[in-house]
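So the structure is just underneath, and the comments pick up after that.
The values are calculated or read from the model by the stated rules, or taken from the named source; none is laboratory data. Predicted, not measured: the structure shown is a model, and the values here were computed from it. Cβ coordinates were reconstructed from backbone atoms using ideal geometry, including for glycine residues, and neighbour counts include every protein chain displayed. With ligands, DNA and RNA removed, areas are computed over all heavy atoms of the protein, side chains included. Shrake-Rupley method; radii C 1.70, N 1.55, O 1.52, S 1.80 Å.
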Amino acid sequence: MARIVPDEVRVAAKRGFVRSTAQAYATALAGGVSATTVLAVATGEVPVLATVVTWAVALVSPLAAGAASYLDILSKGIPTDYIPSAPQEQAGSHAA
């Protein structure tokens, strides 16, 4: 029985999810922690509500980015940037 989504597309979608989620976590955590820390140092206190909201967004939004990548690849197929190119022939390898 044929699958609706080919196996290679599923693998690419999973890789896209992991890659996008990791990149988004790197950005969100660094930005969120930095913003919360700067606010705490500047005001001399830790704003509890701002800290909770910042951390919630930093933890949830990367999963949304990963899910968007996963679903995009499943629906549109493997992006051409994810497909390895054929190896180039080395110059002079066919010399007679």
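In order along the range 52-65, the phi-based Karplus estimate (6.51 cos²θ - 1.76 cosθ + 1.60, θ = phi - 60°) of 3J(HN,Hα) comes to 5, 5, 4, 5, 4, 5, 5, 8, 8, 4, x, 5, 5, 5 Hz; Gly and Pro are listed as x. Against the longest principal axis of the chain, how steep is helix 7-43, in degrees 0 to 90 to the nearest 10, with axes from Cα atoms? Once rounded, the angle reads 20 degrees.
Accessible surface for the chain, divided over its residues, is 76 Å² per residue with a 1.4 Å probe.
Heavy-atom surface analysis with a 1.4 Å probe gives the range 1-81 a carbon and sulfur content of 70 percent of its accessible area.
For Phe17, neighbours were defined as the other residues whose beta-carbon sits under 14 Å from its Cβ, and their charges (Lys and Arg +1, Asp and Glu -1) total +3. Shape summary of the range 1-45, radius of gyration then Dmax from alpha carbon positions: 19.1, 64 Å.
Extent of the chain along its three principal axes (Cα atoms, max minus min coordinate, largest first): 76, 45, 14 Å. Rounded to the nearest 0.05, what FRET efficiency is calculated for Ala35 and Thr80 with R0 set to 35 Å and r the Cβ-Cβ distance? Once the sixth-power term is evaluated, E becomes 0.45. Estimated purely from DSSP H runs of n ≥ 4, each contributing -39500 (n - 2.57), the mean residue ellipticity at 222 nm for the chain is -25000 deg cm²/dmol once divided by its residues.
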